[in-house]
Amino acid sequence: MVKRLAFGFFLFSFLTAGFFLASQQMVQAADSKDKKAQTAKEKVDSDEALEEEGGDGAEPKKADLPPLYLAEVKGEVFVVHKGDKKKADPPQKVEADDRIVTGKDGKAYLQFQEGGTMEVGPQSDVKISKLDITPKTFKARFLIAVGKMKTVLKKLKKTSSSFEIEAGGVVSGVRGTTFEVDYDKAKNEVATKTYEGSVFTKVGGKEKIVEKGFAQVVGKGGVPVLSALTGSDVSDFVEFLDASNDLEKQKEIIIKHLQKKLIDDITKKALGDHGDPVQKALQFHF
């Protein structure tokens, strides 16, 4: 009888001590989480205040905003980042080596922060092969594995600036214009169509100029063939420009939404990706 009472007292004491330790861990974990959240919130609030006020008379900060971002999608669109393919969630940051992949009914609209819109058409796979954009530099290059891409770009100011699209061995480049590159991989045919301004193309080391209102098609033989834009081409461009103008009107809202998402990401990183410490404290093992 005495042994049973002693064992019961021992078991009761052990369980009581265990629950006390677990509750202490919960309190400490909750305090730690609250402190981290408060620190992260203070940092975010401070950064937001600096952006709104421009800090000590300085210009509003733009460092947190990417030079290029996915502004809008229609239908099925995916972003491939470091080999990880995920459904697009605009507005979202995109960077060099990312790919934009669209489905049969998909369209993706990319915007440069400083001006310019691109439309990746249905059943396309476009890689951002180069993106070097700073206040002093503008160099961007895209690689079309298959599909089409329309672009309206503001005039590039510096002679060192460049914007190029490569598809099927044909490179098309501009310094400010509205144009389209269409790559039919099955036919091994690349079409460059110019709606505004002029576009230079390089085929087999030779450079050609495609002026406003014309299209150049390079087929299997590698010989460029020039022709006037069709009524269907012009209609497609008008539809694209309407979409681009709508996005420009919404640009301020899109950028604010993007900035909020970026700040949320910063907050999550500040808190750490270790799960809920309170839940971990509950996992007490006897």
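The values are calculated or read from the model by the stated rules, or taken from the named source; none is laboratory data. All of these numbers come straight from a predicted model, not from anything done at the bench. Because the Cβ atoms are built from the backbone with ideal geometry, glycine has one as well, and the counts that use them run over all protein chains shown.
Taking strands (runs of 3 or more DSSP E) that do not extend beyond segment 60-162, which have at least 1 residues that are of a type in the set (D, E, K, R) and more than 11 Å from the chain's Cα centre (by Cα)?
Details: elements: 68-74, 77-81, 84-87, 99-102, 107-112, 117-120, 125-133, 138-152.
Counting at least 1 such residues, we get 68-74, 84-87, 107-112, 117-120, 125-133, 138-152.
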Taking segment 174-200 and keeping only residues that are of a type in the set (Gly, Ala, Ser) and either surrounded by 21 or more Cβ atoms within 10 Å (Cβ to Cβ) or closer than 18 Å to Leu156 by Cβ (or both), one is left with Gly176, Ala191, Gly197, Ser198
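Is it the case that Glu180 is part of a strand (DSSP E or B) and within 22 Å of Asp246 (Cβ to Cβ)? Show your work before the answer.
Details: part of a strand (DSSP E or B): yes; within 22 Å of Asp246 (Cβ to Cβ): yes.
Yes; evaluated as a whole, the condition is true for this residue.
Do the conditions hold for Val238, that is, is it part of a strand (DSSP E or B), without any contact (Cβ under 8 Å) to a residue 60 or more places away in the chain and out of contact with any Cys (no Cβ under 9 Å at 6 or more places or on another chain)? Break it down into steps so the answer makes sense when it comes.
On the way: part of a strand (DSSP E or B): no; without any contact (Cβ under 8 Å) to a residue 60 or more places away in the chain: yes; out of contact with any Cys (no Cβ under 9 Å at 6 or more places or on another chain): yes.
The answer is no for Val238.
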Any hit, segment 127-150, residues being in contact with a helix residue (DSSP H, G or I) (Cβ under 7 Å, 6 or more places away or on another chain), touching a residue at least 24 places away in the same chain (Cβ under 8 Å) and of a type in the set (D, E, K, R)
yes
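Report the residue count in segment 213-225 for those that are closer than 18 Å to Val152 by Cβ and out of contact with any Leu (no Cβ under 9 Å at 6 or more places or on another chain).
Within segment 213-225, the subset closer than 18 Å to Val152 by Cβ is 213-215.
Those still in the list that are out of contact with any Leu (no Cβ under 9 Å at 6 or more places or on another chain) too: none.
The number of residues fulfilling the criteria is 0.
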Working carefully through the options Val190, Val171, find the one that is without any contact (Cβ under 8 Å) to a residue 60 or more places away in the chain, assigned by TED's automatic domain parsing to the domain that holds Val126 and touching a Lys or Arg at 6+ places or on another chain (Cβ under 9 Å).
Val171
